[in-house]
Amino acid sequence: MNKRIVNVGNVRIGDGKVSIQSMTNTKTSDVDATIAQIKQLEQVGCQLVRCSVPDEQSAEALKEIIANVDVPIIADIHFSHKLAIMSADAGVSKIRINPGNIGGAEKAKYLADYLKERGIALRIGVNGGSLDAAHKSKPLAVAMRDSALEYVSVLEKCNFYDIVISAKSSDVKTMIETYRLIAAACDYPLHLGVTEAGLYHTGVVKSAIGIGALLCEDIGDTVRVSLSDDPVKEVEAAKDILKACGKYDKPYCEIISCPTCARTNIQVKALAEQVEKMCADVAKPLKIAVMGCVVNGIGESQGANLGVAGGKEKSAIFVDGEYVRTVNNEDILTELRKNIEEYQS
Ligand code: SF4
């Protein structure tokens, strides 16, 4: 099904690229702290940033925040159509609010018209933990789909179509099932996430499974990894998920390395970390292998553009699966750098 494209500032959600978003955890009313955090997020590649707007002070702060950052800002609002209007006036590019929860059809229509006139998109966010009573008897994924579609129909009745949908659950299987159902039922772009995913390690694993499974089925247009941690880490994790699913749209070096075993001759972990650091800014679509032994190294890293297979004192450098030369172990990094620079795909 072709997607509708929803413009959120300079980001086109639904155009085939998957954008990365995160959310500030500063007080939005603390303008300086919020700007500083958004700039950190921009630096690591965040393309959309959401800020909570729990009160009028926060809504008023948005104007100055928006004037000082480059990334489009999304206002996260619960229940209050007044805060949504104030955020729209402040210049946000999207509002996350549930139109069914803002006090009736009249207010929903007023808000939809207000946003439409200003070209501001809206995200409907259904959450497994807060479903209307009308849907509670259904299986959870079906209930979440129906709830999302109900909110969509409120907006469609107002002739408003710049809609992005999310239907997050903290249960990964429910989340996957819900998004599959929604993707089959409508053509609005989808914002993927596992909600309340937890602390860093567990949260990244859950998000990688939930978001990753859907991206591999070409479901999902923008992602947020939710962690009880620094939002910068959310963006880094989201990038890694996109890369692993083949959805990252910029050229980059992928480092693969062996798990090491009794045959290992070189410091694989330390060397792979050095190579990763060395390649962090290399904008070439390269797969670079760091393998611990010559016996299996070249064979096991098939598909790598170049790499090293460790020997006791000297190691083998290979390019496109073919041995090219032997170098002293202390020269591996220099040799790899040279090969990376020279490699022409
Ligand atoms: S590449 Fe060599 S050292 Fe690494 S895991 Fe395989 S056999 Fe062991």
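The numbers here are math on the coordinates, done by the rules we state, and not lab data. Since we're looking at a predicted model, the values are computed, not measured. Because the Cβ atoms are built from the backbone with ideal geometry, glycine has one as well, and the counts that use them run over all protein chains shown.
Between the Cα long axis of helix 56-67 and the first principal axis of the chain there is an angle of about 50°, rounded to the nearest 10. Top mean-square fluctuation among Leu181, Leu48, Leu122, Gaussian network model of the chain, C-alpha springs under 10 Å? Per the Cα network of the chain with a 10 Å cutoff, Leu181 tops the list. How much net charge surrounds Arg123 when only other residues with a Cβ under 14 Å from its Cβ are counted (Lys, Arg +1; Asp, Glu -1)? Result for the neighbourhood of Arg123: +3. Taking a sphere under 12 Å around the Cβ of Leu333 and counting the other residues whose Cβ falls inside, with K and R at +1 and D and E at -1, yields a net charge of -2.
With a threshold of 24 Å on the Cα-Cα distance, the over-threshold entries among Lys269/Lys314; Lys116/Lys250; Lys39/Lys206; Lys239/Lys314 are Lys116/Lys250; Lys39/Lys206; Lys239/Lys314. Once the Cα atoms are used to define both axes, helix 31-43 deviates from the longest principal axis of the chain by about 40 degrees. Pairwise Cα separations in the stretch 253-342 fall into 10 Å bins from 0 onward with the following percentages, short to long: 20, 59, 20, 1. Relative to the longest principal axis of the Cα atoms of the chain, the long axis of helix 268-279 makes an angle of roughly 60 degrees. Using all pairs of distinct alpha-carbon atoms, the Kirkwood hydrodynamic radius of the stretch 1-130 works out to 15.0 angstrom. Sorted largest first, the spans of the alpha carbon positions of the chain along the three principal axes are 76, 44, 33 Å.
Between the stretch 192-206 and the stretch 247-268, what's the alpha-carbon centroid distance in Å? Cα centroid of the stretch 192-206 versus Cα centroid of the stretch 247-268: 24 Å apart. Using a 10 Å Cβ count of at most 11 others and DSSP loop calls, identify the longest part of the chain lacking such trypsin sites (Lys or Arg not before Pro). Here the longest run is 137-311. With helices as the sole contributors, the chain gives -13000 deg cm²/dmol at 222 nm; each DSSP H run of n ≥ 4 counts as -39500 (n - 2.57), and the sum is divided by every residue.
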